[in-house]
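Here is the structure we will look at.
The values are calculated or read from the model by the stated rules, or taken from the named source; none is laboratory data. Model, not experiment: these values are computed from the prediction. FYI the Cβ positions are ideal-geometry reconstructions off the backbone, even for glycines, and counts take in every protein chain you see. What goes into the accessible areas is simple: the full protein's heavy atoms, side chains included, and nothing from ligands, DNA or RNA. Shrake-Rupley method; radii C 1.70, N 1.55, O 1.52, S 1.80 Å.
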Amino acid sequence: SAKSGSKTTRMKSNNVRWAMRGIAGELLHNVFLRQIRKFLGTSKQQRLEESKKVRLPIKNETAIITGGTGGIGSNMAYELAFRGYDVIIAARNADLGKDLVLNIQRELENSSSIIKGGNQQTPNISFMEYHADIHRSALDVASNLATLNDSKPITVLINNAGIMGKSERLSMKVNLLGPVTLTLALLPLMMKNCNADKKAVRVINVSSSAHLRATGVFDEEDLCNSSKSLMNIFPDTPDDDLSTYAKSKLALLQFSTLLRHKLPTNKSIQVFDAHPGLVWTPLLRNHIGEKATNTLQRTGLAGLIYKSPTEGAQALLATLDHPVGKSKDQLYFVNGQPGGYASPESRNLNQSKQLLERLIEPELEGILQLPDGW
């Protein structure tokens, strides 16, 4: 049909945009710039390796990271601890989470403080079970953190949990509704920290250049659907071509746009979107399969084309070094630098409002009350 042909053409043109404005730059960075920095000994990963046994003084602030038990997430948890944050690792697998807590605590105990003498206390590291596809799980995390927030205020939330290539509906639940629910549940606590303690609060949503493949979460036909929630347009069938993954990452960027638009500008809270670049993660390896994984590793291409999870973590945590401002403009980090290319759709306020009204709001009805003014 004409409509089907139009969709196919649009997807092809979106793939071209993704290739030209996303993948090409990431390959240039990884294959050339990163190798040059390694040769010169100036890469962030090398500097991290040299200084990882030295920790910064405790901040008496709490950072929460979702999906923190493997890949980029576990590396961010280590780095946050060495930056002096108390760290809450919120993830699905309790056994992996508890092992990671013990490993980080061991590393901290074997490290030395950058400040000699004085307070040698190390940060607290803990695990909370969190299922991004279950709304109640986010509410439980927020409830458990309410008391802690009084003594160690939450100043960093990193929405890192994500899936790829699973069912379309599950992809939207985990990659969009999970971070939306947790962020909104924690927002009153974080706003309290802005008010009472004048802390700089950061919400960091982990993005992907894959969002460039999608020109919208919904098309015109979807918006004509009479269903209250448009979650029903995403079936329980595998997202083999990752088109729904692309939509979920665009949707998360649009949620960031909503947050920037709705949050008061007189508070020190800022929303960052950050894409780590091409990273050799378990998520990627599970998607491409064992044969492709072994080939890339055997030929050495994996180390050439892809960053390590440590480097991916460093790219995301560059947002912590950026000052918290009061602008509503999008702050999109790519490869650790602000000003990366994000699609116009990602900051389209009309599309973002449609996402709120046709999916987020009906899905959270009776579960979580949206903030005043939403």
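Structure values in brief
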| quantity | calculated |
| --- | --- |
| Of residues in segment 269-314 being polar (S, T, N, Q) and more than 20 Å from the chain's Cα centre (by Cα), the one most open to solvent (accessible area, probe 1.4 Å) | 297 |
| Residue that is outside any loop (DSSP other than H, G, I, E, B), in contact with a helix residue (DSSP H, G or I) (Cβ under 7 Å, 6 or more places away or on another chain), under 26 Å from residue 69 (Cα atoms) and without any contact (Cβ under 8 Å) to a residue 60 or more places away in the chain, where the choices are 293, 310 | 293 |
| Pair list, Cβ under 8 Å, 6 or more apart: segment 153-167 residue over 15 Å from residue 276 (Cα atoms) and outside any loop (DSSP other than H, G, I, E, B), other residue open to solvent by 20 Å² or more (accessible area, probe 1.4 Å) and among the β-branched types (Val, Ile, Thr) | 167/237 |
| Candidate set: segment 212-237, residues that are more than 19 Å from residue 252 (Cα to Cα) and modelled with pLDDT under 95; chosen: the one most open to solvent (accessible area, probe 1.4 Å) | 220 |
| Hits in segment 238-259 (condition: open to solvent by 20 Å² or more (accessible area, probe 1.4 Å) and basic (Lys, Arg)) | 247 |
| The one condition in (1) under 20 Å from residue 317 (Cα atoms); (2) open to solvent by 50 Å² or more (accessible area, probe 1.4 Å); (3) among the small types (Gly, Ala, Ser) that residue 151 fails to fulfil | (1) |
| Flag for residue 175 being crowded, with 19+ Cβ neighbours inside 10 Å and in contact with a Gly (Cβ under 6 Å, 6 or more places away or on another chain) | yes |
| Criterion violated by residue 93 - all others in (1) under 21 Å from residue 274 (Cβ atoms); (2) at pLDDT 95 or above satisfied | (1) |
